[in-house]
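Asker: To start, I am sharing the structure in question, which I have written as structure tokens.
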Amino acid sequence: MTARMLTARITHLEMAARPAHRVPAPLGAQLAVMRAPKMPLHFYRYLYERVGRPHHWELRRRMDDDALAAVIHATTTLIDVLYVDGAPAGFVEIDLSRAPEQAEVEYFGLMAEFQGRGLSKFFLSCALHAAWQHDPKTLIIQTNSLDSPRALQLYQTMGFVPVGTSQAEVEAWD
């Protein structure tokens, strides 16, 4: 069976200055953002699949355990998990391997059942402040036409500026 391929239009964005303020947590739920420096691989794979499947994320999808562990357990990788009322709701992965020149929000997202509740802006604000604690000259992120239709608007609202576009073929996650 041949894999179904999708065309993704990628928008590359960057932020050149630390955000002036943090976005407050939305009311109505108990929230926790927790750093996971040695996250078990099965938990990372769970988060990656639950957040990334609807958007056809592929970079970490087929990595073997050793390769995945090398990336997510690296001292230059930050992974934070958002918990809502005790349940994991999403995660962010930040790559600091090119610091101090650049840091990259490699992955950011919420599971479908936690979207539309005002959590994204709060969680992304937490992620941005975590990245800027490492004093990069620029912070970058990408989104594409397969991501949430609100992603690009969110990133721009939070201070990212589009700097280019590209296109890629992505294997559908059916």
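Asker: Within segment 142-174, which residues are within 18 Å of PHE123 (Cβ to Cβ) and hydroxyl-bearing (Ser, Thr, Tyr)?
Answerer: Listed by number, the residues that qualify are THR143, SER148, TYR155, THR157.
Asker: A further question on this structure: When you scan segment 77-96, do you find a residue that is among the acidic types (Asp, Glu) and touching a Pro at 6+ places or on another chain (Cβ under 7 Å), even just one?
Answerer: First, pick out the residues of segment 77-96 that are among the acidic types (Asp, Glu): 80, 85, 93, 95.
Going one step further and asking which of them are touching a Pro at 6+ places or on another chain (Cβ under 7 Å), we end up with none.
Within segment 77-96, not a single residue is among the acidic types (Asp, Glu) and touching a Pro at 6+ places or on another chain (Cβ under 7 Å).
Asker: Could I ask something else about it? Being at pLDDT 95 or above, open to solvent by 30 Å² or more (accessible area, probe 1.4 Å) and hydroxyl-bearing (Ser, Thr, Tyr), is that true of even one residue in segment 139-158?
Answerer: yes
Asker: Between a residue in segment 143-170 that is aliphatic (A, V, I, L, M) and any residue that is assigned to a loop (DSSP other than H, G, I, E, B), which pairs come within a Cβ distance under 6 Å, given they are 6 or more apart or on different chains?
Answerer: Pairs found: LEU146/HIS56; VAL170/HIS56; VAL170/GLU58.
The values are calculated or read from the model by the stated rules, or taken from the named source; none is laboratory data. Please read all numbers here as calculations on a predicted model, not as lab measurements. Methodologically, a virtual Cβ is constructed for each residue, glycine included, from the backbone with ideal geometry; neighbour enumeration extends over all protein chains shown. Quick note on the areas: whole protein, heavy atoms, side chains included, nothing else; ligands and nucleic acids left out. Shrake-Rupley method; radii C 1.70, N 1.55, O 1.52, S 1.80 Å.
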